[in-house]
Amino acid sequence: MLAPEVWAFDPPASCLKVVQGTLESYKEVENVVKSHPANHFVSVVLPDTPQVPQGILEALSSDNEYYKVSEIRAHELVEKEFIDAFVKRGQITALSINSQVDLNNCLSLTPDGHLFLSLTKESYQVLGLEGKAIVSKAKDHQRYIHITATP
């Protein structure tokens, strides 16, 4: 049996957006998703819908190409060659996987060239970058660093 204090923790912050309407409402949902670069997934609930409408299936399955890149180092994302090839000439979104933003070092790169680092206290001190503490009840606060890769 688990001790009661094991369950006495605050849940991580999240964004809940409820949209009711037609397929045209999809743009509003798309804007919310794009404004949160650390999204790993989006849940769609269609109550009392035995079959998902074709328009929604197409909207959810279009433009979903992605690649999993292993062993890339954060410093490679700020090198001139990478910025010229992917940030200035294209559109890229990158997100750490297999890590928890409130416990591990994480990064996200947004399509408009912003690199966000969420670092443990130890990593933050080693790097010597300027950042802000993330408000948390944890003993060792995470640090948030924002780097702009565009001119």
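For this structure, a couple of remarks:
- Gly131 fulfils the conditions (1) out of contact with any Phe, Trp or Tyr (no Cβ under 6 Å at 6 or more places or on another chain); (2) surrounded by 10 or more Cβ atoms within 10 Å (Cβ to Cβ); (3) at pLDDT 75 or above except for a single criterion, (1).
- Within region 78-112, tally of residues that are under 16 Å from the mean Cα position of the chain (by Cα) and either in contact (Cβ under 8 Å) with a residue 12 or more places away in the chain or surrounded by 10 or more Cβ atoms within 10 Å (Cβ to Cβ) (or both): 21
The values are calculated or read from the model by the stated rules, or taken from the named source; none is laboratory data. The structure displayed is predicted, hence computed values, not measured ones. We place every Cβ from the backbone using ideal geometry, glycine too, and count neighbours over all the protein chains shown.
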